[in-house]
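Beneath this line is the structure, given in structure tokens, with notes to follow.
The values are calculated or read from the model by the stated rules, or taken from the named source; none is laboratory data. Source: prediction; values computed, not measured. Glycine gets a Cβ as well: all are built from the backbone with ideal geometry, and neighbour counts include every protein chain shown.
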């Protein structure tokens, strides 16, 4: 079995009030830095990753670097793990978008698999590129442990693929900052999801 530890970056500004953050560069807050330290400590104490792949956005690079340093390895950037491109909605608040484009906003929540953001991506686009990174991890590191540091949307679509669930189920999953998902994948492609959105390591962060 190859073990995939799928994680998310730490807390950033723009989560409250909710904004379509996407590709915007946002720094980890003090809380986010503490969360990343707690996540790194837990991973290093429990597993022995041989690789850490991160989104190119700095909030993920920094989170991944903390994990890699704790494990004595070096993080590697993978563009495929970058956050979804919200296009014209990027960094706008949900209230703003809902007021300006109520039908499109409603569709995003009712039928996410049918939504393409204006001047941006669809969930199918995210699946294609993020799954390529997962495939690389499985091919390069069989029978070993790899950490993937992504974003809320990226993690949700990867989990849906691994659970053999449709993109229409996007909103049924939650991915909190510095969460931990543990997935085992056999050489034949058999998948066992051992934990989803585990944040127990953040109790003291």
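Some points to look at:
- Tally of residues being touching a helix residue (DSSP H, G or I) at 6+ places or on another chain (Cβ under 6 Å), under 30 Å from residue 116 (Cα atoms) and surrounded by fewer than 21 Cβ atoms within 10 Å (Cβ to Cβ) across the range 45-79: 1
- For residue 43, the conditions (1) touching a residue at least 60 places away in the same chain (Cβ under 8 Å); (2) more than 19 Å from residue 134 (Cα to Cα); (3) part of a helix (DSSP H, G or I) all hold with the exception of (2).
- Only one of the numbered conditions (1) touching a strand residue (DSSP E or B) at 6+ places or on another chain (Cβ under 7 Å); (2) in contact (Cβ under 8 Å) with a residue 60 or more places away in the chain is not met by residue 122, and that is (2).
- Only one of 17, 56 that is part of a loop (DSSP other than H, G, I, E, B), within 21 Å of residue 134 (Cβ to Cβ) and in contact (Cβ under 8 Å) with a residue 12 or more places away in the chain: 56
- Count of the range 141-161 residues which are in contact (Cβ under 8 Å) with a residue 40 or more places away in the chain and either within 19 Å of residue 128 (Cα to Cα) or under 16 Å from the mean Cα position of the chain (by Cα) (or both): 12
- Index of the failed condition, residue 134 passing every other in (1) surrounded by 15 or more Cβ atoms within 10 Å (Cβ to Cβ); (2) more than 16 Å from the chain's Cα centre (by Cα); (3) in contact (Cβ under 8 Å) with a residue 24 or more places away in the chain: (2)
- Residue 142 being part of a loop (DSSP other than H, G, I, E, B), at pLDDT 95 or above and under 21 Å from residue 51 (Cα atoms): yes
- Residue within the range 89-107 that is more than 17 Å from the chain's Cα centre (by Cα), free of Cβ contacts under 8 Å to residues at least 24 places away in the same chain, in a helix (DSSP H, G or I) and within 20 Å of residue 165 (Cβ to Cβ) present: yes
- Among residues of the range 165-186, those that are touching a helix residue (DSSP H, G or I) at 6+ places or on another chain (Cβ under 9 Å), over 30 Å from residue 27 (Cβ atoms) and in contact (Cβ under 8 Å) with a residue 60 or more places away in the chain, counted: 1
- Index of the failed condition, residue 194 passing every other in (1) surrounded by fewer than 20 Cβ atoms within 10 Å (Cβ to Cβ); (2) closer than 20 Å to residue 34 by Cβ; (3) modelled with pLDDT of 95 or more: (2)
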